[in-house]
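Below is one structure, written out as structure tokens; comments come after it.
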Amino acid sequence: MVEHAGYPDTAPPATGPSDAGASTHPYTSLTPDRILDALEQAGLAVSGRLFALNSYENRVYQIGIDDGPSVIAKFYRPGRWSEAAIREEHAFTLELQAADIPVVAPQPLAGGDTLGHDGEFWFAVFPQRGGQAPDTSLPDTLYRLGQWLGQIHNIGDRRAFAQRPTLSLLEGLDAHNHLLVDGGWIPDDLRPAWDSLMPQLRDLCAARLSDAGPVDTLRLHGDCHAGNILCRDEQMLFVDLDDCQNGPAIQDMWLLLNGDDHERGAQLGELLEGYELFREFNRRERHLIEPLRCYRQIAHCAWLARRWEDPAFPRFFPWFGQPRFWSDQILSLREQMAALQAPAISVPGQY
């Protein structure tokens, strides 16, 4: 499970690489004994087997159960989501499940609630499911994904999230840039290049948003890339709605596209062929793909900065904060500038 966070937190960010490990992080208190005790108090007959899974934003574990299959326990990062926001995630996932959409939904704990609490931690338990990421190079796979996304978005369009964010691209770009600049993350010798690049990228993103025109928003998966979809025995399963939010439909599509413009246009065409069996798609949202890609790249840098006080981040992302990382980011963002200046990808048979 690879997680990505793009929203501001209540916790203050670290102010530079030298601050790593300067304070005690809440996760240091999340010991195996505490995890198992919390789950036992929530009504699970834990066997004592615990295996940490690959997750950075939250802490996720495979937990052995006496006389039953293992489960997956997720302990939410303190300070990121409110209780009400997590409950909206659970409610949306259960709403999708009730509509026979293949998602991994949280299971009830003692008392019937899906959300457990232990000190500063909220946690949830999910059934363990296996599978592999879909091969999005196959037209049939994209067609089937489009069918499911159309159905997910029909459910998502019933109402808006009240406690979770609405994707606001320009405001998000500004917030992430300010965090990186004010926190001193960008090396001094690279600041002129960075500072000249950011306004240009923002202006180009604003122009693309203008090209798209008015766009409807709805409840989304929010982080719908191939790593958050499992395939097994010809079945698809959507997992990890931790980043669900309000936003445009294209946000749940563009991460599934790869290759050059021609290839991505053909892939989007396959997605939409399946999608539009269930729901109409505003094709002007194609203009949002490159702004969303730009946003995600800068948001990823801000995510690393914001999480640097978590001891896991300096250990697993040691290259972050080094000059080479930032020079590569500037080069990549210059390439993204060219993509923002190019025409939006075209879909075969469509304008």
Point to revise | Lone qualifier among Gly172, Gly150 - being under 30 Å from Arg129 (Cα atoms), surrounded by 14 or more Cβ atoms within 10 Å (Cβ to Cβ) and either small (Gly, Ala, Ser) or modelled with pLDDT under 95 (or both) | key: Gly150
Check your understanding: Any idea which of (1) at pLDDT 95 or above; (2) surrounded by fewer than 21 Cβ atoms within 10 Å (Cβ to Cβ) is the one Asp242 doesn't satisfy?
Key -> (2)
**Study point:** strands (runs of 3 or more DSSP E) within region 141-247 that include 1 or more residues of a type in the set (Lys, Arg) and out of contact with any helix residue (DSSP H, G or I) (no Cβ under 9 Å at 6 or more places or on another chain)
**Key:** 229-232
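Listed here are the residues, each with its yes/no results for (1) over 23 Å from the mean Cα position of the chain (by Cα); (2) under 30 Å from Gly150 (Cβ atoms).
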residue	(1), (2)
Glu276	yes, yes
Glu280	yes, yes
Arg286	no, yes
Arg306	no, no
Ser327	yes, no
**Study point:** Criterion violated by Phe123 - all others in (1) touching a residue at least 60 places away in the same chain (Cβ under 8 Å); (2) within 19 Å of the chain's Cα centre (by Cα); (3) surrounded by fewer than 20 Cβ atoms within 10 Å (Cβ to Cβ) satisfied
**Key:** (3)
Practice item. Can you tell me which residue among Leu288, Leu256, Leu204 is modelled with pLDDT of 95 or more and within 27 Å of Tyr76 (Cα to Cα)? Key: Leu256
Practice item. Would you point out the residue of region 248-274, among those that are within 22 Å of the chain's Cα centre (by Cα) and not in a helix (DSSP H, G or I), that is farthest from Ser168 (Cα to Cα)? Key: Gly259
Point to revise | Any chance Glu95 is buried (at least 16 other Cβ atoms within 10 Å of the Cβ), in contact with a helix residue (DSSP H, G or I) (Cβ under 8 Å, 6 or more places away or on another chain) and more than 21 Å from Gly227 (Cα to Cα) | key: yes
**Study point:** Cross-chain or 6+ apart pairs with Cβ under 7 Å, region 25-37 first and at pLDDT 95 or above, then in a helix (DSSP H, G or I) and among the basic types (Lys, Arg)
**Key:** none
Check your understanding: Hey, among the residues in region 126-137 that are assigned to a strand (DSSP E or B) and of a type outside the set (Phe, Trp, Tyr), which one's surrounded by the fewest Cβ atoms within 10 Å (Cβ to Cβ)?
Key -> Gln132
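The values are calculated or read from the model by the stated rules, or taken from the named source; none is laboratory data. The model shown is predicted, which means the values in this text are computed figures rather than measured ones. Because the Cβ atoms are built from the backbone with ideal geometry, glycine has one as well, and the counts that use them run over all protein chains shown.
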